[in-house]
Every structure is written in structure tokens, then in C-alpha cells.
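One structure below.
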Amino acid sequence: MTATRRDFLKTVCGASTLMALSPAVPEFLLRASQAAAPDPEGRQTALVVVQLSGGNDGLNTVVPYTNDAYGRGRTTLRLTGKDVHKIDDELGFHPSMERTLRLFRDGQLSVVQGVGYPNSNRNHDDALRDWHTARPGEIACQTGWLGRAMDAVSDPNRPSTPGVCVAPLPKPVLMNAEATVAPTVTSASQYVLRDLPQSASVEGNSENPLVGFVSRGLAVSYASSRQVQDVLKDSGNRVQYPAYPLAEQLKTVVELVRAKLGIRMFFTELGGGGIGGFDNHANQRDNHAAVLHELSESLAAFSDDLRHYKLQDDVLLMTFSEFGRTLRENGRRGTDHGAAAPVLLVGGRLRGGLVGKHPSLTDLDGDSPRHHTDYRELYATILDQWLGMPSQKVLGKQYKHIEIVRG
Amino acid sequence: MPMNAIAENTTPKPIDAGWAWARFEPDGQRAWTLRWVGHLYRRAAFGASWQQLQDALKAGPQATIDGLVKPTAVQAGADASSGDDAVTRSGEAGALAAWWLRRMLETPYPLREKMALFWHGHFGISQARVKDGRLMANHVSMLRKHALGSYRELLQAAAQDPAMFLGLNSEASRRAMPNDNFARQLLGNLTMGPGVCDEQDIKEAARAFTGWFVLRGDLRYFEREHDTGVKTVLAQKGAWKPEDIVRIVLEHGESARSIVRKIYRWLISEVEEPEESLLKPLCDSFAQSYDVGQLVETMLRSNLFFSETAYRRRVKSPVEFALGIAKGMESIVPTLPLGSALANIGQQLGDPPTVQGWPGGRHWISPATLTGRLALADAMLSPEGAYGGKLNAGSIAKKHGSAGPDAAAGFFCDLWLQGDVAESIRKGLKEAADAAKSPAGDAWFRDAANRVIRIPEFQLS
């Protein structure tokens, strides 16, 4: 550490706190610095998971617009070359996803095609549980893949916050851990503590190990509060986020990333508020267009914001949905629960482009595309290559990696 | 008797079990002070009002514990299980938590709620899995009913509780395909702890639970699906049924030991693992009776409970943190927003994260959860917002004769921490009080209360 102790304390606690602490500045505050900024020199990566609740129609998200089987299966919902934002001669993004194509062209977005798992479940709750636990079919499994990752990296003696739920929902199973608490933080301002004149009475010397432990945690809390306050003050050139709930969540994520609190995993969600989600058994067209528009515009603002602060190389976002949908319409201008679907990835360190082939539309599984990429391969890749967390420990076995991350 | 140890205010290692579990009788070395009263009310209740602290100080430890263990109001029937109202049973998000938090605040028998909360974590049954508000409310009622009774009876009741079966994903168990989730939990977390018995014991015990199904919220038994054959569980052979498995597993010495350890952690200390020899007398007697009330009473009345081994050796759970503030402020807060605020910082009543319950201890604390705690405290004490100004720090301080800034700062420190903080902290509080020479309105009182809540020791029980 090159800065003087006093400079450091100023940064961590702010001047007024420092006044309250002087003259005897406890040693533990120096140690707390390591927890506040776990790797000040190196960069710390973060993962943002976006859940598309209800079962997203992958075939109308990344559309095989020249495919005959697609044309035959979709009568009222068919999208043609005139409608889509073309990726190439075969595939295009849904008409609502203009800005998604722009991210794709900029190399900030990848599409992993045909993601799913063997004998995938078509019941919402069961399939969501499978994606959350990464242990398909094990109904008694209680922990989520990110929860287990949090347990694998946290040290109860060193207070840190490896993951937070940003979605305004009950805590997702995905972040369920045996030991680590993943708090819900729906707005960065929740991290800001009201300043009390002459406040902090953080004191570290006691026979009781718990007093020192809590003191260190409090020191980091004050530091975090300060860091978030600074971030929230500086909103001058901020990218405009659209007025969507998902955009609001992603904005919060970027603020928390900018504050460098050491949070590695974020959970966000789109579509879970009942009507208006991705589960369109009837009259799918307009509903689906609306949620995809929210997704596309929110992702674009998120990516722009990260790039504005040059943080795009530190953050990876992935979407998932519990299942895709059937190829054929069901007679009610909607589609039913399916299997494999594409996963979108956003970030600055992606290989970019399309990952894997578009699944066949003639060799189907219960009228839905079959997966060729197991979602646990995606998880393993993200854990090992992006987060630097042991995937084998988290997933129970070593899955092969897929080529998504640029070195 | 290591009297010298008491004089030095430290506890010798290994701790003498005879001394540890003998009744605490205050003497010249260890007086009955506010410090111990606050300690007792944090552990055996959810904190206390200033009046309760003062009354206990006059009454002495054993009489105070008498009142906590057998409240006269309860003997008079004031705490009859009222209020299992329609909202609680509706399964609406947060209804159960809101109702329970209110009960924890209002009950004349907080020790029972404290132990019901212990069992809630112990059993690890969650509304997210049960998915039925009525069954979940019944489950909590069952925990409360037996909270200080016989653990044997509690386990037998649990083996008949549909929420248990749903919460353990054990809603169907056929002869041809026994579901072993219930047996696994029963032989593991609920009794001997994980990893004591082997897989074969679990498989055999699971056969005893065949034939039991949860259908439309009722636990039903189908004779034709029950495996009537002989099962060997923990070396005992017979055509066992669920109640036999409960009996057999409780006969295993490790069961009593494991529960006593867990309750020790709940009531005495999360910091150090107790020596086998220290717990032996408690384990021996618990293995005979499985009388939880007696075990809890022994611990609360003991020398060890009123020693440095126990003092502030637990991290408050979010529930204890928030209710301690409300108890001191002598008012009921709106518990619906409180329930969801507590969920956000890691403790959703009705929804423990896994069947192992809340890990507790240091796991409660992270920078984010600490910030959440302090922000929650500030919101609870705020004159506006979700908590509607129900907790008024100014009026409580004035009520107890501390109208000026200096006196009020000292009062909050005495109320919540019994003044037991480092001299530098006291000095800091006094300086802050002096700085508020001409406090405008009552806002200053809220700041003073917050300052005390931000002292590290406040997070400890």
C-alpha cells in the first residue's frame, strides 16, 4: 500500500468518521481495506444473471426466418426477413430487438444456441428449480449453483458480500446457500447509511473475538456507504435507462459494480409479475414483443453504461429461461412449453457472435428444439473461466467448457 | 470450586461442569448488575424495556428466571394460542412472519417464542416448499406447543405433520419406492446430526415411512403401500413404523448430545465448541427425559450462563436485532414491512434457506447485511415511513427522566448495552451529545439512539 495510513482512512471512512476515530486509529481498519477492495490492483469480475420468467420463445427471439419448418409451424407468429434484424442469411433478432443487434455487431453480445438439458422438465416450477440448483430432477436439492459458489469462496472470518439479489422478489433458490447470506438490495441507495454527525464508534480492541469481527464488518459498511454515495453523486454523463423494471435493476447493478464493493454475483429478473411475462399460451405476439423490447433496451443501456465507465471487461451478463417453447402454434395464437432455447451473453470480454448451431427444426423433442449444449457446461465455463471459482466443487462434476470468454 | 476464577472474571479451561451448571447466586465477586439482566433478556427473550430491566435488577436472577420460565400471565391464561387468524393461514406473502413477529413482541412468554424460533431453524421447514399457508401455520403452532416440552413428543408430532412431509419433499412414499428424505432428516439433522448413521440405516428407516402420503393437505396412511417387513435401524430389528424409528433414534446417545450442543449454541455461546465433559451432565439427564424446558432452565440459571464464556458470545439474528430495538422503545412496530426487511438481510421467518436452518453466528454478518441492519434501525426510529413513527426515542428517553442530550445518550447506552462499552465509546457518545447543544426538536434523540445501535457490541447477544 503506497498511500499513507491517514489517506487510506480518509478514503475508507470519509473525513468526519476519521475525526471521530482519532487519535487512536485501530489497526483493524487497515485490514478492513483488503475486504473493501479485495484486489485493488487486479480486476474483479462480476456475473449478472437475468431470469426470463415463464419460458421464453427462443424461436421468436433468435429467429430462423428462412427455415421452412419454422414458416410452417408458425402461422400468426411467423416473423419474416422483412421483420427481423438480420444477423445473417438464416437468423435474425426479433423486431423489438434492434439494439440487441447493435450490441451483437459491436462484439458486446453473444448468442449461445440450443441450451438445455436431457429430459428437461416442462413444468415451470420444476424447470426453474433445475436451472437454479443445476441438479436437474433432484427435488430435495436445497442450494442454488450461485449459492454453492458463494459458500465455496466466502470466509466467515472475513466479512464480504459475494452475491446479492437485485430483483424485487423473494430470494431465488439460485442464491440459496448453506452458509452465506445473499441479501436483497433493490436500490444502490440502500447501501447508503444516513450520516450521523460525529458518528462512527467503531472500536476493535476487546477480549471478545466477535467484537473485532463486527467492528471490521462495520468499517467495511461505512466504507461501502461512502463509495456508493460517491457513485450516486456522480451521475453527470449517465446513460439514459428506459423506464422498465429490468432497466432499473441493471442500473442498480452497474452502480454497485462502480462502487467496487466486491460483489461477484447479481440476480435480476424479467417477466415474473404474472400477466405480461414470457409464458404466452395465447395471443403471444404483442406480449412477447413488449417483454423482448424491455429486455433489449435494458441490455443496451446496461452495456452502454458499463462502457461509459470502462467496466465492460469486468462484467458478464447471462440470460436464461426455464425452457423454450414449441415450434408449432397451439391454435390460440400462442405457443406451449418447450425445451432448448438460446442464452444471451453481454460483456466486453466475449468471443462474440453465435456460439453453436441453431438447433434442427425437423428433429424435434416433443415439438421443441433439442439442446446440444448442456446449461451446466455454460455454468462451468462461467465459474471456471469468468469468476475463477471451482466449478467442480459447485456442480459436483467437471463439465466441459464452451468457447465464450476471450482470454 | 474455582472461586479464584470467578474473582478474576475469567473462566478456567477446562471448565468444571459441576460449577458450570450450578445455580448462579450473586456474591461479592459477581454481583447482579444491569449487565447480567440485559444478557438474560437478550437470550431468554427478545430484549427488554427499561422497566423490565429495573424490575429484574430488584428481583434478582433466580426470581427473574422464574418469571421467564413460568410467566404468571401465562398461568392466568393470557397467552392462550390465540390469533391463528385467517391472514396467517392465507399463505399470503409475509403474513406468517408478520404475525409471528407481532407475537414475539407482545407475548408475556417470550422464552417460548425464542425456543419456537430455535425449533423452526432446527426443523428447517420452509413455506417455499410447503406451499400451503394453513399447513405452515400449523407447523409453527406445533413447534410453539412443544417448544419447552418433551423433544420426544415434538418429534412424534413432527412425524404426523403434513408440512414436515411437504417441506422435505416426501409427500409420497410407496412400498416399491420408499422416499428416504424424511428418514434422512430424522436420523441426521433432527437427532444425531449428519454423518453419524450410515446409508443403510436411512434406507431401512425409510421403509418404515412407506404408506404415508400427503393428499390435499392431509397426511394419509395407505396400508397396502406400507412395507410391513422387518427393518434393521441402528442395530434394532423389527417391523418398525414411524413412531418406532423416532423412539429408536432417540435411544441413541448421539441424539441427546447433538441437541444439547445445538441448544448450548443457541443459549450460551457460538464462539467456542464446548468440551464433551462440560456437557456430559446435561446430556445424561436429557437422554433420559428429553425435557427441553428442564434443559433450558438449567442453562439459564447456571453459573456458566452468567460468565464471560457466554456474555456477548452470540451474534444477534436479524429478528433479535430488530425486536431488541422495538422492546427498548416499548412499542409495537408494523410487522409486515419488518418481516420483509428482515428477509432482505437474511432471515425470512417461515423460510429457512435449507433444512439445516439458518447457519447463524458470523454468517449473519457481511458488509451488506450490516448496512441493512443499521438502515433498518434508522427507518424503525424514523418519524415517518414504513414504520410510521411508532418507535419514539425522544419520548422514551424523557419518560425515563433523560430529557437532555447528554442524559439521553447515556440512557440509550444503558438501555441496550447496559453501559458496558469501552471508555472511548462512552466518550464519543458524550462528545456527540455535547455537540448537540441546542437540539432542535426531537430529531436529536433518534440520532443518539442510532449512535448506540452503531456500536459493534449492539450486534451481539
Inset, instruction - Answer yes if at least one residue in the range B:343-351 is touching a residue at least 12 places away in the same chain (Cβ under 8 Å), assigned to a helix (DSSP H, G or I) and more than 21 Å from B:Leu143 (Cα to Cα), and no otherwise. - result: yes
Legend entry - Residues satisfying the stated conditions in the range A:203-235, i.e. among the small types (Gly, Ala, Ser) and within 7 Å of another protein chain (Cβ to nearest Cβ): A:Ser215, A:Gly217, A:Ser221, A:Ser224, A:Ser225
Inset, instruction - Hey, can you tell me all the residues within the range A:49-76 that are more than 30 Å from A:Ala167 (Cα to Cα) and either of a type outside the set (Ser, Thr, Tyr) or not in a loop (DSSP other than H, G, I, E, B) (or both)? - result: A:Pro64, A:Asn67, A:Asp68, A:Ala69, A:Tyr70, A:Gly71, A:Arg72, A:Gly73, A:Arg74
Legend entry - Meets criteria (out of contact with any His (no Cβ under 6 Å at 6 or more places or on another chain), aromatic (Phe, Trp, Tyr), buried (at least 18 other Cβ atoms within 10 Å of the Cβ) and farther than 28 Å from B:Ala147 by Cβ) for B:Phe213: yes
Inset, instruction - With the checklist (1) out of contact with any strand residue (DSSP E or B) (no Cβ under 7 Å at 6 or more places or on another chain); (2) in a helix (DSSP H, G or I); (3) within 13 Å of chain A (Cβ to nearest Cβ) in hand, flag the one item B:Ser395 doesn't pass. - result: (3)
Inset, instruction - Among what's in the range B:418-447 and is farther than 22 Å from B:Gln52 by Cα, surrounded by 15 or more Cβ atoms within 10 Å (Cβ to Cβ) and of a type in the set (A, V, I, L, M, F, W, C), pick the residue that is modelled with the lowest pLDDT. - result: B:Ala436
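Here's the yes/no breakdown for (1) crowded, with 24+ Cβ neighbours inside 10 Å; (2) acidic (Asp, Glu); (3) modelled with pLDDT under 90:
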| residue | (1), (2), (3) |
| --- | --- |
| A:Pro170 | no, no, yes |
| A:Leu174 | yes, no, no |
| A:Ala177 | yes, no, no |
| A:Ser187 | no, no, no |
| A:Arg194 | no, no, yes |
| A:Ser206 | no, no, yes |
| A:Val211 | no, no, no |
| A:Ser221 | yes, no, no |
Inset, instruction - Could you figure out which of (1) at the interface with chain B (Cβ under 9 Å from one of its Cβ atoms); (2) more than 20 Å from B:Gln347 (Cβ to Cβ) isn't true of A:Val181? - result: (2)
Legend entry - Residue among A:Arg406, A:Arg370 that is within 25 Å of A:Ser303 (Cα to Cα), out of contact with any His (no Cβ under 7 Å at 6 or more places or on another chain) and of a type in the set (D, E, K, R): A:Arg406
Inset, instruction - Output the residue which, of all residues in the range A:346-370 that are touching a helix residue (DSSP H, G or I) at 6+ places or on another chain (Cβ under 9 Å) and of a type in the set (D, E, K, R), is nearest to A:His401 (Cα to Cα). - result: A:Arg349
Legend entry - Number of positions in the range B:74-99 that are under 21 Å from the mean Cα position of the chain (by Cα) and modelled with pLDDT of 70 or more: 7
Legend entry - Leading residue by the ranking (nearest to the other protein chains (Cβ to nearest Cβ)) among those in the range B:358-386 that are surrounded by fewer than 21 Cβ atoms within 10 Å (Cβ to Cβ) and assigned to a loop (DSSP other than H, G, I, E, B): B:Pro359
Legend entry - Spans of helices (runs of 4 or more DSSP H) in the range B:111-211 with at least 1 residues out of contact with any Cys (no Cβ under 6 Å at 6 or more places or on another chain) and of a type in the set (Val, Ile, Thr): B:127-130, B:133-145, B:199-208
Legend entry - Matching residues in the range B:344-357 - criterion: being under 20 Å from A:Val164 (Cα atoms) and either surrounded by 23 or more Cβ atoms within 10 Å (Cβ to Cβ) or facing chain A (nearest Cβ under 7 Å) (or both): B:Asn344, B:Ile345, B:Gly346, B:Gln347, B:Gln348, B:Leu349, B:Pro352, B:Pro353, B:Thr354
Legend entry - Selection count, the range A:323-351, where residues are part of a loop (DSSP other than H, G, I, E, B), of a type outside the set (S, T, N, Q) and at negative phi: 14
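The values are calculated or read from the model by the stated rules, or taken from the named source; none is laboratory data. Here the structure is a predicted model, which is why all the values come from computation and not from measurement. Counting neighbours? That spans all protein chains shown, and the Cβs are built from the backbone with ideal geometry, glycine included.
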